[in-house]
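The values are calculated or read from the model by the stated rules, or taken from the named source; none is laboratory data. Remember, predicted model here, so these are calculated numbers, not experimental data. FYI the Cβ positions are ideal-geometry reconstructions off the backbone, even for glycines, and counts take in every protein chain you see. Just so you know, the surface numbers come from the protein's heavy atoms only, side chains and all, with ligands and any DNA or RNA stripped out. Shrake-Rupley method; radii C 1.70, N 1.55, O 1.52, S 1.80 Å.
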Amino acid sequence: MKQIQDYYAKPNKTIGEHSQDAWNQAALLKKLGYIKDEHLFYLLKEACLHHDDGKANEEFAARIKSKKRFDESKEVSHNILSVYYLNPDDYSTEDYIKIACAILYHHDYCDENYAIYRQSDLIKKLLIREYSYEIPVRCKQEILGNAILDPETIQLKGFLHRCDYSASGGYQVEYPNDFLEDAMENMMKRWKRKNPECHWNELQNFCMENRDNNIIALAPTGMGKTEAGLLWMGNSKSFFVLPIRTAINAIYDRIEENILNKQKLDERLAILHSESLQYYKDHTNGMDIMEYYDRGKNLSLPLNISTMDQLFHFVFKYKGYEMMLTTLSYSKIVIDEIQMYGPDMLAYLVFGLGEIYKLGGKIAIVTATLAPFIKNFLIRDAKISFVEQQFTSGDIRHSVCVKKETLSVEDIKNCYYDNQKRKAGNKILVVCNTIKKAQALYDELQKEDDSLELYIFHSRFTKADRKQLENQIIEFGKTFQEENRKIVLDEWGNPVLDQRNGIWISTSLVEVSLDIDFDYLFTELSELSGLFQRMGRCNRKGKKPLNSYNCFVYCDGSDVKRGNRGFIDPVLYEYSEKALEEVNGWLSEQQKTELINRFFTTENMRRSDFVKEYKNILRFLKNLKIGCFDKNEQRLRTILTENIVPKSVYKENKEVIEAAQERLRNIEENLKNRDNCERKEFLELLKERIDLQEILRGFVVSIPKYEFNIYKKKAWEDFGKVRVSKHEEIPIMECHYDEKGFYPLNYEEYEEVMIF
């Protein structure tokens, strides 16, 4: 009689061959130290060897030969049938339940309860009687009930997913991290050759000494938090999590060039965000970018830099969420810039970290500021035990003037003209709380004096324009003069400051990720943590003279939420204002930390909308049942935006857009016939498709959803769409678009809620 393992699991592989491939991946996970528990390893072996046994039936065999679709009137999903080939007498009751549970749910093809209870006759008809077993009644209820919530079962199922997917996809489940500790030490040796006095600082030593602990390390800008995080990771599977894509790209570049020396990147380092494929293409040479991209997407690489939404979607417990959670459970996770998250994202983060910690993952919070009420969430709600240390600096980079008035055009102009007259550093950064205010201020300054060197930067530019402006502000905001990427030195060997005239108007978009260093900051108050982030863009390196005020903070409260108006949390604003009552003149990094600690306590924040919303979302996550959400439902970030192509941009670039779309259609036809393409030709077509899609996305602006809805209601005309891909068609919209970016038609007044 034909053995189960001799039936085909795939057109070119038997069940036995595929099961062995999955088991080989499990053995690799054990070898790399990612599975430490022997009992879990035993359970995984059994799950790997039997997860596809249900494919041993005549209907499945006929279907893979004929390549027909699944017929639910004749077949039952193989994950259901596999459980009936599992002999309960071969295992203890507890082990049988866990293995059966992992196998039963390793695909989400059907309703498992319905199949087992309502399709019993069809199941019996399909099974090979000589090899099948009844599921014991005493076990069936547990397998279909709460067994899936057992921590060991969660990990077993997560590991089975990883082994099964990698075996099916023909890729290596994990690559070793056997390089990072040596790479960091080699970087230090290179630094020492330039400066023999160079050494790891107290923050970095703290992180190395506590590699086996969960840590909270608070340190001001300039102390090397990125290097500290990498030193804490050591030779472990690791994820560096940041809130903004540009920050991720910057860290990738630093690690690639300064630490890994561009060696074996496709086995070591991944970026995980929505545009990673394009980034690989633009920043790597001589490698198969699709294979590199797939390794990162499949979480196979040991060192990963990621946005939160690429990892923490598992908190919604879609079917199969265990794979991501299990991967994070044997990893180290560094969270940077935690103060940037709103109440929703913070709730997802805290809940997710708690789940990771329960299964064995290690957490490091490495950040400049951490409000006590947020730290309390981590300790109380995530139930994580941290080793904590605060690293203070006596450095004084800012002298602050607080004004209870509206952001003043006169103050900005006077500062500009005075610096120009004195031939002093004259890089002025103005940060508004909303794009609408930034655009109005730009108009007002330009109207007053069109000779001003004036720039504006926010999120409502086309992608291409935004990239260009980002490069411009980084170049403008350099601390020191450079020639051929080398810092210019004076006759005494000191770096020469880069002095220019110019006013950049922006929003909170500049709070993180951009390495820019301005001489003066004029800003509206949002809340204290955000303010200190903005101040980090002024005298960033602490090398500029501090003879008078260099930061001007305006507190008119116009953006505070009052009824249907405003968007800033009144409680956060109130305590930020109270803290600033103590500020006039020099403000050290240590004083900033003390103000955050004194005013942003759990008691002070308990009645804030921020805390209320956080608690509501956390409660929702705790009560969430498995399978309520589909994996593809993008719930981690509230969808508040709509992508559009401004009509004027489309008209100006019509020939380029139409040519790109036509070439894309041709490429897609060729890719459909992949069997006729050689590998090299196929990869060239993929690269060209990426380039064309990037060109088309360059004309896209992300605008508020409410603004698009008003437009549809009040002024809708169908001007067609720009087709970027099969699933991405961008509507062309009538609007204003010029050097200030996008702004709406004048159809009626409305309250702005987008603030970036």
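Put simply, of Asp519, Asp559, Asp569 the only residue that is closer than 21 Å to Lys413 by Cβ and of a type in the set (Asp, Glu) is Asp519. In a residue-by-residue description of region 19-37, the property of being part of a helix (DSSP H, G or I), open to solvent by 30 Å² or more (accessible area, probe 1.4 Å), without any contact (Cβ under 8 Å) to a residue 24 or more places away in the chain and among the aliphatic types (A, V, I, L, M) applies to at least one position. Among the residues here, Met187 does not qualify as of a type in the set (A, V, I, L, M, F, W, C), at pLDDT below 95 and either open to solvent by less than 50 Å² (accessible area, probe 1.4 Å) or in a loop (DSSP other than H, G, I, E, B) (or both). Residue-level check: of (1) over 28 Å from Pro220 (Cβ atoms); (2) open to solvent by less than 50 Å² (accessible area, probe 1.4 Å); (3) in a helix (DSSP H, G or I), Asp411 misses just (1).
For Glu748, are the conditions met, namely being under 26 Å from Ala438 (Cα atoms), at pLDDT below 85 and loosely packed, with under 15 Cβ neighbours inside 10 Å? Against the criterion (under 26 Å from Ala438 (Cα atoms), at pLDDT below 85 and loosely packed, with under 15 Cβ neighbours inside 10 Å), Glu748 qualifies. Exactly one residue among Lys467, Lys437 is at pLDDT 95 or above, part of a helix (DSSP H, G or I) and open to solvent by 20 Å² or more (accessible area, probe 1.4 Å), and that residue is Lys437. Annotation note: Cβ proximity below 7 Å between a residue of region 299-316 that is under 23 Å from Phe179 (Cβ atoms) and a residue that is polar (S, T, N, Q) and open to solvent by less than 10 Å² (accessible area, probe 1.4 Å) (sequence gap 6+ or interchain) occurs for Leu299/Thr327; Pro302/Ser238; Leu303/Ser238; Asn304/Ser238. Report yes if Asn623 is of a type in the set (S, T, N, Q), crowded, with 17+ Cβ neighbours inside 10 Å and at pLDDT 90 or above, otherwise no. Judged against the criteria, Asn623 is not a match. Against the criterion of being surrounded by fewer than 22 Cβ atoms within 10 Å (Cβ to Cβ), over 14 Å from the mean Cα position of the chain (by Cα), of a type in the set (Val, Ile, Thr) and closer than 30 Å to Asp178 by Cβ, Thr326 does not qualify. Determine, yes or no, whether Thr284 is modelled with pLDDT under 95 and over 15 Å from the mean Cα position of the chain (by Cα). Taking the combined requirement at face value, the residue satisfies it. The set of residues in region 440-459 that are surrounded by 15 or more Cβ atoms within 10 Å (Cβ to Cβ), closer than 19 Å to Tyr743 by Cα and not aromatic (Phe, Trp, Tyr) comprises Ala440, Leu441, Leu445, Gln446, Leu454, Ile456, His458, Ser459. Scanning region 470-509 for residues that are open to solvent by less than 30 Å² (accessible area, probe 1.4 Å), farther than 21 Å from Asp411 by Cα and touching a Gly at 6+ places or on another chain (Cβ under 9 Å) yields Phe476, Asp498. Among (1) open to solvent by less than 30 Å² (accessible area, probe 1.4 Å); (2) part of a helix (DSSP H, G or I), which single condition is Gln420 missing? Gln420 satisfies all of (1) open to solvent by less than 30 Å² (accessible area, probe 1.4 Å); (2) part of a helix (DSSP H, G or I) except (1). Gln590 fulfils the conditions (1) in a helix (DSSP H, G or I); (2) out of contact with any Ser or Thr (no Cβ under 8 Å at 6 or more places or on another chain); (3) open to solvent by 40 Å² or more (accessible area, probe 1.4 Å); (4) of a type outside the set (Phe, Trp, Tyr) except for a single criterion, (2).
Hey, could you check region 540-562 for residues that are without any contact (Cβ under 8 Å) to a residue 60 or more places away in the chain and open to solvent by less than 30 Å² (accessible area, probe 1.4 Å) and say which is nearest to Val400 (Cα to Cα)? Out of the qualifying residues, it is Gly557. Go through the residues of region 170-177 one by one and say whether even a single one is among the polar types (S, T, N, Q) and in contact (Cβ under 8 Å) with a residue 12 or more places away in the chain. Yes, some residue in region 170-177 is among the polar types (S, T, N, Q) and in contact (Cβ under 8 Å) with a residue 12 or more places away in the chain. Within region 713-738, residues that are more than 30 Å from Glu669 (Cα to Cα) and of a type outside the set (Ser, Thr, Tyr) have Cβ atoms under 8 Å from residues that are open to solvent by 100 Å² or more (accessible area, probe 1.4 Å) and part of a loop (DSSP other than H, G, I, E, B) in these pairs: Glu734/Glu717, counting only partners at least 6 apart in sequence or on another chain. Look at (1) in contact with a Gly (Cβ under 9 Å, 6 or more places away or on another chain); (2) outside any helix (DSSP H, G or I); (3) within 16 Å of Cys139 (Cβ to Cβ) and you find that Ile103 fails only one, number (2). A single entry from Glu72, Glu46 fulfils the requirement of being in a loop (DSSP other than H, G, I, E, B), among the acidic types (Asp, Glu) and under 40 Å from the mean Cα position of the chain (by Cα): Glu72. All told, Val431 falls short of being within 26 Å of Leu580 (Cα to Cα) and over 33 Å from the mean Cα position of the chain (by Cα). In region 106-162, the residue that is most open to solvent (accessible area, probe 1.4 Å) out of those that are small (Gly, Ala, Ser) and within 39 Å of the chain's Cα centre (by Cα) is Gly145. Residue count for region 211-231 under the criterion of being open to solvent by 20 Å² or more (accessible area, probe 1.4 Å), at pLDDT 95 or above and over 23 Å from Gly296 (Cβ atoms): the result is 3. Considering Arg565, Arg537, the condition of being open to solvent by 50 Å² or more (accessible area, probe 1.4 Å) and either of a type in the set (Lys, Arg) or within 31 Å of the chain's Cα centre (by Cα) (or both) is satisfied by Arg565 alone.
This table checks each residue for (1) open to solvent by less than 30 Å² (accessible area, probe 1.4 Å); (2) modelled with pLDDT of 95 or more; (3) of a type in the set (Gly, Ala, Ser).
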site	(1), (2), (3)
Leu349	yes, yes, no
Ala364	yes, yes, yes
Ser393	yes, no, yes
Val402	no, yes, no
Tyr416	yes, yes, no
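Of all residues in region 700-737, exactly one satisfies the criterion of being open to solvent by less than 50 Å² (accessible area, probe 1.4 Å), touching a helix residue (DSSP H, G or I) at 6+ places or on another chain (Cβ under 9 Å) and charged (D, E, K, R), namely Glu728. Kindly establish whether Lys383 is modelled with pLDDT of 95 or more, under 30 Å from Ile333 (Cα atoms) and open to solvent by 70 Å² or more (accessible area, probe 1.4 Å). Yes.
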